[in-house]
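K.L.:
Please find one structure pasted underneath; my questions will follow.
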Amino acid sequence: MNTILKSVDSNWYRSRLTGMLFCIIAAFLVLLARLFYLQIIKGNEYRRLSESNCIRIQYIKPQRGLIFDRNGTLLVDNRPSFDVNIILKDAKPLHSTLDALSRYIHVPVQELLDRINQRSAPAFKSILLMEDVGRDVTSAIKAHQYELPGVGIDVVPRRQYIYKKSAAHLLGYLGEINADELRSGNYPEARSGDYVGRFGIEKIYEPYLRGRGGGRQVEVDAAGKVVRVLKTVDARQGHEIQLTIDSPLQRKTEELLEGKVGAIVAMDPETGYVLAMASSPSFDQNEFVNGISRDKWRVLIDNPDKPLQNKAIQALYPPASTYKIITALAGLEEGVVNDQTTVFCPGAYRFGDRTFRCWKRQGHGKMNVEDALTQSCDVFFYQVGRLVGVDKLADCATAFGLGSKTGIELGHEERGLIPTSQWKKRRTGVAWQAGETLSVAIGQGYNLVTPIQMAVLTSALANDGIRVKPLIVKQIRTVDGTVLIENQPQAIGRLPFSKKNLDRVRKALWKVVQGERGTGKIARIKDIDISGKTGTAQVISRKRNEDNPEEMLSKHLPHAWFVAYAPSGNPQIAVAVIVEHGEHGSSGAGPIARDLIQSYLAGKNKTDAEG
Amino acid sequence: MFDRRLIQYFDWGLLFVTALIGLIGLVTLYSAATAGGQAVLKTMYLKQLVWYGIGFFVMIFCFIFNYKHLDQWANVIYLSCNGLLVMVLLFGKFVAGSRRWLVLGPISVQPSELIKIAMIIALARYYSKAAGSAGVTLRELVVPCLLTAVPFLLIVKQPDLGTALMLVLIGGSITLFVKIERRSLACLSGAGIVLIPSVWFLLKGYQKQRILTFLNPDRDPLGAGYHIIQSKIAIGSGMIFGKGFLKGTQNVLSFLPEQHTDFIFSVLAEEWGLAGAVTLLFVFFLLLARGTSIAYKCRDPFGTILSVGITAMMFWQVLINIGMVMGLMPVVGIPLPFISYGGSSIITMMIGTGLLMNISMRRFMIE
């Protein structure tokens, strides 16, 4: 069977093989014909094109995405700027070209040569000689172009921060991409020499802001001048970002922090939109646009007040008396105190073998929980804290989100610290001492919070116990308006406290500002109903300097806190203000919170009235 | 075992042609590697020489045994190569967007090259038993489809569309050669005519763009379109006698990516002109004609189909690579046999040549 098949197959295969050979011949003839076409018919033309490497690609840099505030006010855009470049292959003879160039733009030849040697590239690729030059340079070059073969001007967009130093930490800054980043694959369309976001929104939203480069296929003459544009691929502009902040309010916060070290966070308690976030001292983001000079960088780094740090989310402070809100709620919820409970404050409280002082030397007298919160009595809360215990306090604090990141979309957020007995045992190996609870209860001891955590806490209080996620970006859209991301307000939980207790605490906070004995009286304004809480965070032990207050160095002065919301009945804004070494929460931070709230609500009423 | 006639029937012609192509390849590679001025490439032609050496011994190994033994080994070879492909997907080195290489110490292996041979052997084995003068039926096509589809999918995942395409072309060529039964062919063609437009409609917008750009590089004027233009300029500027050895204005080519692999023909055409290019084409034609002739003289189906498969593999690679650099074909990264730089490709081609020799020198052996 097989042999018969085989012999039949052999002949049959052979005829098919002839067919196969025929196909191969046909294909090769096609290749030959094409070769003939390219090398004979078009030979001369291609020879010409190859001589001076005539067809080239010019890169079109994309415009980076614009950034707006919530009202559509432009905060960051791009300005046209000019770079001088040289293509060595066209710039012949090199030395006379450089001489001429040096003469016209007043830069020594050696410096130009250094630049060229620094950025080694193939002879037909353009080398950047000078960045961001003025019109005088560009007109000089254009006027003498015939003496400067191979020298060209690129128009490139450069980043511009319209309000210098405003929202610097929020917006961030740019830096030149380095070799590792190019290799990493995280920046797929970037090229050497591009600037990418290094901090803040510029960094977090780099993929959206960057856009996509385009290019042109051009034919050039022997001197490198473009003779014809063959094809163009347009660049795509980066997407636009609309932030939640209110630009006039933002600038007001910076004005209020002028000369001070600290931070302010203002939020809309209902939606979670951050209305303003400021950190002082600040810096000018425009200085980074062409690569910040080494000296300026050193100034920023060496400044002990750390201007590059976004204190609103990165700096940790003891919450001080603002923490009493938590202690009060913990006490009320645990039933350790109720509205009947009174405590007598003689100015100090003896526990164990230590005396814990109240900030008011003479003592507050008989206090209930509302009075204690309004007048910020330490002794009252020492006792509440002792009865509730550090772990229960920690539970209440974490219910407000303290001790964890708020999740705001910015890098480097700190979590802060809310101590528990377990934490201390793990950390130090020593068990929790009951006396330490007293310090924690008034917001000192191991407690550490960030200003944004306090703002979120205040918002939750103002918003009837509903916690919302803080949001900084409202919308991301393409240049022609297609919305890519819309951040709707997001509720993340409810405070686990009864309405009764929350109302009680809120009433006390109202009295802090509106009552006669309130520690935050200074923040009172006619027409606007502000509620709040002061805090004075000790930097070093008070006792040491009690006897000689004049000798207290400013750097040992306590930090001043003020958290507030307004209007009390229907809150539209919640703020947290901290002024480092501001001395007293009331005088140091109170007026700032007051002015801020007034500025915002007055402005809002105006637009509401007009609209 | 060792029959004197083996030497008598040894295919010196094939050996000569292969060596000639290899020599042309080395000379061209020398130019492509050194003229660019980039130090990295300088040792390239030396490495290629080493690969030729290793390939030479591999080739000898491939004709020492009787090729008919491959019949028993076909499955093992096929499965191990697929195993290697799976390993590449899991452990392969990630370079420029895809995983194609397995790094074994100082050597990097590209299993997608080896699977070509493995698949050819497997298909030849199957068809040698299944095929008849009436042609294969649809039912009989199921196994070959699977044999092609499995490595095809594994390679597509890398992703390496060029080599995946090669598998389809080789498999298709072999299948067409053994003839598809007329009715089945009609069914398949009918199915194809219906399927392809419907698949087209199902594709998303950006996928359609990708395919269109792939088919017409001019749609990508900053990427593939630009490379092809530069390649055509290089080839065309060679005119009749070329610019001379090492005198290609490598300015043009030193920014052609892969001038030592995909675009090496352009280097040759620029330096040696129409004369050189036609010579190379002619020598390739001799190689393919030789392969066809070996198939012709072979007496058993397995050997015949195996030769056809190997010849098809070489044919398609030559056609697509040279066609691409001249702007006739889509841009796929397919190496030019024996000329493009790359150890795995050399070894694969040497195995192919070795097997052809194997079949050729045993043509006197009737079963």
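K.L.:
For segment A:68-89, how many residues are part of a strand (DSSP E or B), within 26 Å of A:Asp284 (Cα to Cα) and either within 10 Å of another protein chain (Cβ to nearest Cβ) or not basic (Lys, Arg) (or both)?
P.N.:
Matching residues across segment A:68-89 total 11.
K.L.:
Check segment A:212-235 and report whether any residue there is more than 30 Å from A:Lys89 (Cα to Cα), β-branched (Val, Ile, Thr) and either assigned to a helix (DSSP H, G or I) or touching a residue at least 40 places away in the same chain (Cβ under 8 Å) (or both).
P.N.:
Taking every residue of segment A:212-235 in turn, none turns out to be more than 30 Å from A:Lys89 (Cα to Cα), β-branched (Val, Ile, Thr) and either assigned to a helix (DSSP H, G or I) or touching a residue at least 40 places away in the same chain (Cβ under 8 Å) (or both).
K.L.:
If I go through segment B:229-241 residue by residue, how many of them are more than 24 Å from the chain's Cα centre (by Cα) and more than 9 Å from chain A (Cβ to nearest Cβ)?
P.N.:
1
K.L.:
If the requirement is being among the basic types (Lys, Arg) and closer than 30 Å to A:Tyr273 by Cβ, which of these qualifies: A:Arg103, A:Arg79, A:Arg115, A:Arg119?
P.N.:
A:Arg79
K.L.:
Here's something else I'd like to know. Checking B:Glu270 against (1) within 8 Å of chain A (Cβ to nearest Cβ); (2) farther than 20 Å from A:Leu38 by Cα; (3) in a helix (DSSP H, G or I): exactly one of these is not met. Which one?
P.N.:
(2)
K.L.:
If you scan segment B:307-356, which residues turn out to be surrounded by 24 or more Cβ atoms within 10 Å (Cβ to Cβ), of a type in the set (Gly, Ala, Ser) and under 17 Å from A:Ala26 (Cβ atoms)?
P.N.:
B:Ala312
K.L.:
Restricting the search to segment A:395-405, which residues are crowded, with 19+ Cβ neighbours inside 10 Å and either assigned to a loop (DSSP other than H, G, I, E, B) or in contact with a Pro (Cβ under 7 Å, 6 or more places away or on another chain) (or both)?
P.N.:
Scanning segment A:395-405 gives A:Ala399, A:Phe400, A:Gly401, A:Leu402, A:Gly403.
K.L.:
Determine whether segment A:96-113 contains at least one residue that is under 30 Å from A:Asp480 (Cα atoms) and either touching a residue at least 12 places away in the same chain (Cβ under 8 Å) or within 14 Å of chain B (Cβ to nearest Cβ) (or both).
P.N.:
Within segment A:96-113, not a single residue is under 30 Å from A:Asp480 (Cα atoms) and either touching a residue at least 12 places away in the same chain (Cβ under 8 Å) or within 14 Å of chain B (Cβ to nearest Cβ) (or both).
K.L.:
Taking the condition free of Cβ contacts under 8 Å to residues at least 12 places away in the same chain and over 24 Å from B:Ile120 (Cβ atoms), does B:Val267 pass?
P.N.:
For B:Val267, the condition - free of Cβ contacts under 8 Å to residues at least 12 places away in the same chain and over 24 Å from B:Ile120 (Cβ atoms) - is not met.
K.L.:
Mind checking whether some residue in segment A:499-510 is surrounded by 15 or more Cβ atoms within 10 Å (Cβ to Cβ), part of a loop (DSSP other than H, G, I, E, B) and at pLDDT 90 or above?
P.N.:
No, the conditions are met nowhere in segment A:499-510.
K.L.:
Looking for something over 30 Å from A:Ala123 (Cβ atoms) and not charged (D, E, K, R) - is there at least one such residue anywhere in segment A:220-235?
P.N.:
So far as segment A:220-235 goes, no, none of its residues is over 30 Å from A:Ala123 (Cβ atoms) and not charged (D, E, K, R).
K.L.:
Continuing with this model, one more query. Considering (1) in a loop (DSSP other than H, G, I, E, B); (2) of a type in the set (Asp, Glu); (3) under 30 Å from A:Gly152 (Cβ atoms), say which one A:Glu270 fails and leave the rest.
P.N.:
Against the list (1) in a loop (DSSP other than H, G, I, E, B); (2) of a type in the set (Asp, Glu); (3) under 30 Å from A:Gly152 (Cβ atoms), A:Glu270 comes up short only on (3).
K.L.:
If I filter segment B:125-152 down to residues being within 14 Å of chain A (Cβ to nearest Cβ) and in a helix (DSSP H, G or I), which single residue comes out as modelled with the highest pLDDT?
P.N.:
It comes out as B:Tyr127.
K.L.:
For segment B:165-188, what are the residues that are more than 21 Å from the chain's Cα centre (by Cα) and away from chain A (no Cβ under 13 Å)?
P.N.:
Listed by number, the residues that qualify are B:Glu181, B:Arg182, B:Arg183, B:Ser184, B:Leu185, B:Ala186, B:Cys187, B:Leu188.
K.L.:
Could you say which residue among B:Gly327, B:Gly323 is of a type outside the set (S, T, N, Q), assigned to a helix (DSSP H, G or I) and within 12 Å of chain A (Cβ to nearest Cβ)?
P.N.:
Going through B:Gly327, B:Gly323 in turn, the sole match is B:Gly323.
K.L.:
Got a number for residues in segment A:306-352 being of a type in the set (S, T, N, Q) and crowded, with 24+ Cβ neighbours inside 10 Å?
P.N.:
Total satisfying the criteria: 4.
K.L.:
Something else about it: Would you mention how many residues in segment B:290-307 are within 7 Å of chain A (Cβ to nearest Cβ) and in a helix (DSSP H, G or I)?
P.N.:
5
K.L.:
Specify the residue that is nearest to A:Ala397 (Cα to Cα); the eligible residues are those in segment A:425-439 that are in a helix (DSSP H, G or I) and touching a helix residue (DSSP H, G or I) at 6+ places or on another chain (Cβ under 8 Å).
P.N.:
The residue in question is A:Thr437.
K.L.:
Can you pull out the residues in segment A:26-43 that are farther than 10 Å from B:Ile233 by Cα and facing chain B (nearest Cβ under 8 Å)?
P.N.:
Scanning segment A:26-43 gives A:Ala27, A:Phe28, A:Val30, A:Leu31, A:Leu32, A:Arg34, A:Leu35, A:Phe36, A:Ile40.
K.L.:
Conditions: (1) surrounded by fewer than 16 Cβ atoms within 10 Å (Cβ to Cβ); (2) farther than 29 Å from B:Val50 by Cβ; (3) of a type outside the set (S, T, N, Q). B:Leu169 meets all but one. Number of the miss?
P.N.:
Checking B:Leu169 against (1) surrounded by fewer than 16 Cβ atoms within 10 Å (Cβ to Cβ); (2) farther than 29 Å from B:Val50 by Cβ; (3) of a type outside the set (S, T, N, Q), the one that fails is (1).
K.L.:
Can you pull out the residues in segment A:373-393 that are without any contact (Cβ under 8 Å) to a residue 60 or more places away in the chain, farther than 24 Å from A:Gly518 by Cα and either surrounded by 24 or more Cβ atoms within 10 Å (Cβ to Cβ) or β-branched (Val, Ile, Thr) (or both)?
P.N.:
The one that is without any contact (Cβ under 8 Å) to a residue 60 or more places away in the chain, farther than 24 Å from A:Gly518 by Cα and either surrounded by 24 or more Cβ atoms within 10 Å (Cβ to Cβ) or β-branched (Val, Ile, Thr) (or both): A:Val390.
K.L.:
Surrounded by fewer than 20 Cβ atoms within 10 Å (Cβ to Cβ), touching an Asp or Glu at 6+ places or on another chain (Cβ under 6 Å), without any contact (Cβ under 8 Å) to a residue 12 or more places away in the chain and not aromatic (Phe, Trp, Tyr): does that describe A:Arg183?
P.N.:
Judged against the criteria, A:Arg183 is not a match.
K.L.:
Filter segment A:530-569 for residues that are modelled with pLDDT of 90 or more and in a loop (DSSP other than H, G, I, E, B); which is nearest to A:Ser439 (Cα to Cα)?
P.N.:
The qualifying residue nearest to A:Ser439 (Cα to Cα) is A:Ile530.
K.L.:
Right, something else. Need the failing condition index for A:Gly65 against (1) crowded, with 20+ Cβ neighbours inside 10 Å; (2) more than 9 Å from chain B (Cβ to nearest Cβ); (3) modelled with pLDDT under 90, just the number.
P.N.:
(3)
K.L.:
Give B:Ile120, B:Ile193 a once-over and let me know the one that is over 23 Å from the mean Cα position of the chain (by Cα) and away from every other protein chain (no Cβ under 14 Å).
P.N.:
Of B:Ile120, B:Ile193, the one residue that is over 23 Å from the mean Cα position of the chain (by Cα) and away from every other protein chain (no Cβ under 14 Å) is B:Ile193.
K.L.:
Any idea which of A:Lys203, A:Lys165, A:Lys142 is assigned by TED's automatic domain parsing to the domain that holds A:Ala100, at pLDDT below 90 and under 16 Å from the mean Cα position of the chain (by Cα)?
P.N.:
After applying the criteria, what remains is A:Lys165.
K.L.:
Which of the residues that make up segment B:196-245 are closer than 18 Å to B:Met329 by Cα and of a type in the set (Gly, Ala, Ser)?
P.N.:
Result: B:Gly223, B:Ala224, B:Gly225, B:Ser231, B:Ala234, B:Gly236.
K.L.:
Let me ask something else about it. What number of residues in segment A:101-117 are crowded, with 16+ Cβ neighbours inside 10 Å and not in a helix (DSSP H, G or I)?
P.N.:
Final tally of qualifying residues: 1.
K.L.:
Take the conditions of a type outside the set (Asp, Glu) and under 25 Å from A:Asn501 (Cβ atoms) and apply them to A:Lys405. Does it pass?
P.N.:
Considered against the rule, which asks whether it is of a type outside the set (Asp, Glu) and under 25 Å from A:Asn501 (Cβ atoms), A:Lys405 comes out as no.
The values are calculated or read from the model by the stated rules, or taken from the named source; none is laboratory data. As the structure is a prediction and not an experimental result, all values here were calculated from the model. Glycine gets a Cβ as well: all are built from the backbone with ideal geometry, and neighbour counts include every protein chain shown.
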